[in-house]
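Have a look at the structure below before the remarks.
Where a number appears in this text, it was derived from the coordinates with a stated rule and is not lab data. This is a predicted model, so every value here is computed, not measured. Heads up, the Cβs are rebuilt from the backbone with ideal geometry, glycines too, and the neighbour counts pull from every protein chain shown.
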Amino acid sequence: MLRSRIPQIVLNKKAAGRFDGKHPWVYAPAIVAPASPLDAGAVVDLVYPDGSWIARGIYNPSSRIRVRLYAWDPETMLDGQWFASRLARAAELRQRWMTAENTHFDAYRLVNSEGDGLSGVIIDRFGPYAVVHISALAMWQYREALVEWLCQEHQLRGVLLRFDAQFASQEGVEAFEQWVVGEPPSGPVVFEEHGVRVAVSLASGQKTGYYLDQRANRLRAARWMRGGSVLDVCCYAGGFSMAAAVHGRAEQVVAVDSSRLALEAAQRNAELNEVGCLVTHRADCFDFLQRCVQDSRCFDTVVLDPPKMAGHRQQVGAAIRAYHRLNSLVIQLLRPGGLLVSCSCSGRVSREEFVGVVAAAAKGVGRELQVLEIRGADCDHPVHSWCPESEYLKCVIARAW
Ligand code: SAH
């Protein structure tokens, strides 16, 4: 498309005063409504009120994120060639990472949305299967090219394409979940993570997949452990529990989650790794921890990895209060010198804020923390320096006295 024919979206004066255009999300209140209606999915140029060029993106009148920006160079057209080059860049990074780690991972994140300059698409590889999660209309438009590229570049038995209902309704698209290539696996897919075997269910219609972002944190946390007892709160499929048993010499692991399917997966993973010391509890984490404190229970290690607490800016206050409460409870359960592994996956809560909450929680219950490591997601989840929200995962490892 000729550059002169690309429709322009004008940043309004108020937004122009405080927004430098260096963030991939442009919200509806920041722009002047276009004079004539534009199609959802149209390529647009974002400009300042004086007409000067900012960036190129994709427009969606149904979404709160009215324009997603993808190119900050006016020569870049958002065409198939551009898309293919972004995918190639993402693939090259994973190759480089595995070379640097001197290992091969058969489960990893191949594309990480904003972190790979492709806001709205995530691709996870699980052995010979790929799961494509689309969360923006802008990327939905490239789905065919995406699946074609995946099949050309990777030897795959199947590709599951998903546009989950929550995002689909925000983006004005119908929810979608289908194996677009190959057949669904007949049972759980098994892969290895730092010597731990992991089975994940990729069946449609179920909570699927695995939290690959915590891969390195599980191993690091286990390396600080010295056996004893471990409480894994919000355990999902037991990732931290297995690392604790296999690498941390844990003698007793108590894993808690509110989801039955998660606990079944954790049990299955315990069997797969011949871990006999896992006990699971289906419970709400606040209730469970409160009861443990009342019963004066003690652990050598507590892992706390609750779900995302703040999806919107307005939810940040409540999220911080919830993190404070949960951390106050778990810190009380630690023996002197016990290990705390406290995580947050809320992109809206910054690293500084989260570390501050953990420190304040410890102070509130009269305990000192020795912070050993403040970590993020593993290297296949790169962070975009212009999108602080893409640094969503925080993992504080500390000793409590
Ligand atoms: N630690 C896991 C990932 C945790 S994801 C890993 O290493 O893979 C967050 C988990 O919290 C999910 O499994 C979800 O089912 C669980 N969860 C959500 N709300 C909860 C609650 N109120 N109480 C307990 N678990 C909860």
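Evaluate the charge dipole of the chain about its Cα centre and quote only its size in Debye, nearest 20, assuming +1 on the Cβ of each Lys and Arg and -1 on the Cβ of each Asp and Glu. It would help to have the intermediate numbers written out before the result.
On the way: 44 positive and 43 negative charges, 226 e Å.
That gives a dipole near 1080 debye.
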Distance-filtered residues of the range 164-197 - backbone nitrogen under 15 Å, label point 7 angstrom along ALA28 Cα→Cβ:
169-173
Where does the longest stretch of the chain lie that holds no GluC sites (Glu not before Pro) found in a DSSP loop with 11 or fewer other Cβ atoms within 10 Å?
275-401
Using the basic label-point model (7 angstrom from Cα toward the beta carbon), what is the GLU264 to MET98 distance in nanometres?
3.1 nm
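Can you list the trypsin sites (Lys or Arg not before Pro) in the range 3-102 that are in a DSSP coil and have 14 or fewer other beta carbons within 10 angstrom? Write down the numbers at each step before the final one.
On the way: sites: ARG3, ARG5, LYS13, LYS14, ARG18, LYS22, ARG56, ARG64, ARG66, ARG68, ARG86, ARG89, ARG94, ARG96; in loops: LYS22, ARG64.
Within the range 3-102, the qualifying trypsin sites (Lys or Arg not before Pro) (loop, at most 14 other Cβ atoms within 10 Å) are LYS22, ARG64.
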Going highest first, how would you order 36-45, 299-308, 156-165 by mean Cβ packing within 10 Å?
299-308, 156-165, 36-45
Phi to ³J(HN,Hα) by Karplus 6.51 cos²θ - 1.76 cosθ + 1.60 over the range 171-177, Hz, x for Gly, Pro:
9, x, 10, 7, 4, 8, 7
Of all beta bridges DSSP finds with both residues in the range 1-67, what is the antiparallel percent, to the nearest 5?
75 percent
Calculate the length of the line joining the C-alpha centroid of the range 107-145 to that of the range 1-52, in whole Å.
25 Å
Show log10 I(q)/I(0) for the range 167-307 at q = 0.08, 0.12, 0.21 Å⁻¹, two decimals, from a solvent-free Debye sum over equal Cα scatterers.
-0.25, -0.52, -1.26
Among DSSP bridges having both ends in the chain, what percentage is antiparallel? Round to the nearest 5.
65 percent
What is the set of long-range amide H partners of ALA237 at a cut-off below 5 Å, with H atoms built 1.01 Å from backbone N?
none
